[in-house]
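J.: Below is a structure I'd like to ask you about.
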Ligand SMILES: Nc1ncnc2c1ncn2[C@@H]1O[C@H](COP(=O)(O)OP(=O)(O)OP(=O)(O)O)[C@@H](O)[C@H]1O
Ligand SMILES: [Mg+2]
């Protein structure tokens, strides 16, 4: 018998996410699927992140399902009337974005089980956004509806990969709020401003081996996040989701930042043709760095990324 083929989702191979100055190449997630966790207190821009990702994936072949806890998304899109309508729409895949009113644990169970059924039967990409997940996931086992909801959440997280189900979950805090299955299986993490220093001990392990500490986290503005992906950690200024932009007062545009970290340089250099990359050397490189006002650390990271990039290319 032939060896088992590596499980790979083709839709990821050509897909990407645009987080403003940072692009996430979804090819990195072809074998794992996406399990995004977005953490931050009220007003950090979590819902906007989820909407933005939902819109971008919806434009690339996914059906995005938004579980709307607070009714704020339903105000932007027409929400589903009932469970039966939702099932029809989800199976039909005509509408790329479906908003579902999930105000109680009960709603989560009804609509969630439809999602579970549909992904079990038809393995076509679905992106599920679960805002305010502390309402449907608990750190400890419970016997009531909350326990059932928590089990359903864990099922999404653990079995989503092979069912073409990608997830986005938000929470106010990092630990102690959701079941640990969610945190131990996440593979794209967005952490927004934390003004409460008592939240730091729960977050600190995430930032280990980065130079980022609590002061940097506390200094983030709304819409700014530290983004952890397989390529490293980067600060991102999330663009506004189109649905929100249509109703929100204009946000001031962030000035595009020059690459700082190795991962940022790595991304910036990837699309530069080899002869040009080779020409970026010696005194010219120093002159350009000075004009651009790059710090020594930035230049060092850039040189290293360039060397690695050239070595990785066929000569
Ligand atoms: N990327 C962004 N750029 C500029 N402003 C933003 C951005 N994201 C969010 N905001 C502003 O912050 C406000 C709150 O955003 P959002 O509702 O997404 O936060 P939240 O974290 O979901 O808050 P809550 O926990 O209360 O639901 C928005 O109304 C918007 O004005
Ligand atoms: Mg929100």
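Here, each number is a calculation from the coordinates, and none is a lab measurement. These numbers were taken from a predicted model, which means no experiment stands behind them. Note: ideal-geometry Cβ built from the backbone for every residue, glycine included; neighbour counts use all protein chains shown.
J.: How big is the chain by the Kirkwood estimate over distinct Cα pairs, in Å?
T.: Across the chain, the inverse of the average 1/r is 21.0 Å.
J.: Ok, one more. Of the candidates 280, 269, 90, which one comes out as most mobile in a Gaussian network treatment of the chain with C-alpha springs shorter than 10 Å?
T.: 280
J.: Please build a GNM for the chain, connecting alpha carbons under 10 Å apart, and tell me which residue among 285, 38, 227 fluctuates the most.
T.: Evaluated over the chain, the most mobile residue of the options is 285.
J.: Helix-derived [θ] at 222 nm for the chain: sum -39500 (n - 2.57) over DSSP H runs of at least 4, divide by residue count, nearest 500? Write out the running numbers ahead of the final one.
T.: Working: 12 runs with 121 residues, N = 315.
That comes out to -11500 deg cm²/dmol.
J.: Using only the C-alpha atoms of the range 125-233, find the volume of their convex hull and express it per residue in Å³.
T.: Values: hull volume 12.5 nm³, N = 109.
Each residue corresponds to 115 Å³ of Cα convex hull volume.
J.: If contacts are Cα pairs under 8 angstrom and at least 6 residues apart, what is the relative contact order of the chain in percent? Write out the running numbers ahead of the final one.
T.: Numbers: 496 pairs, mean separation 63.6, N = 315.
Reported relative contact order: 20 percent.
J.: Further question on the same structure: Using the beta-carbon distance between residue 187 and residue 291 and R0 = 30 Å, what value does 1/(1 + (r/R0)^6) give for FRET efficiency, to the nearest 0.05? Write out the running numbers ahead of the final one.
T.: On the way: r = 38 Å, r/R0 = 1.27.
Efficiency computed from Cβ-Cβ geometry: 0.20.
J.: What number, in percent, do you get for the relative contact order of the range 1-65 if the mean sequence gap of Cα pairs under 8 Å and at least 6 apart is divided by its residue count?
T.: On the way: 47 pairs, mean separation 16.8, N = 65.
Averaging sequence separation for qualifying contacts and normalising by length gives 26 percent for the range 1-65.
J.: Antiparallel as a % of all DSSP beta bridges within the chain, to the nearest 5?
T.: Working: 14 of 39 bridges.
Beta bridges within the chain, antiparallel portion: roughly 35 percent.
J.: Restricting to Cα pairs below 8 Å that are 6+ residues apart, what does the relative contact order work out to for the range 110-250? Please round to a whole percent. Before the final figure, lay out the partial values.
T.: Values: 161 pairs, mean separation 28.2, N = 141.
That works out to 20 percent.
J.: Going 7 Å from the Cα of residue 216 in the Cα-to-Cβ direction, what parts of the range 193-208 have a backbone nitrogen less than 15 Å from that spot?
T.: 193-194, 203-208, by backbone N distance to the label point.
J.: Shifting gears a bit: So how much slack lies between residue 77 and residue 151, counting 0.36 nm per residue of separation and subtracting their Cα-Cα distance, in nm? Please report the intermediate quantities before stating the final value.
T.: Numbers: separation 74, 0.36 × 74 = 26.64 nm, distance 2.87 nm.
Stretched fully, the residue 77-residue 151 segment lengthens by 23.8 nm.
J.: Right, next: Could you put 140, 35, 123 in order, starting from the residue whose Cβ has the fewest other Cβ atoms within 10 Å?
T.: Numbers: 140 9, 35 23, 123 13.
Ascending number of Cβ neighbours within 10 Å: 140, 123, 35.
J.: Take the chain, connect every pair of alpha-carbon atoms lying under 10 Å apart with a spring to form a Gaussian network, then pick out the residue of 128, 188, 277 with the largest mean-square fluctuation.
T.: 277
J.: Sort 17, 66 so that the residue with the fewest other Cβ atoms within 10 Å of its own Cβ comes first and the one with the most comes last. Walk me through the intermediate numbers first.
T.: Details: 17 20, 66 28.
With the sparsest Cβ surroundings first, the list reads 17, 66.
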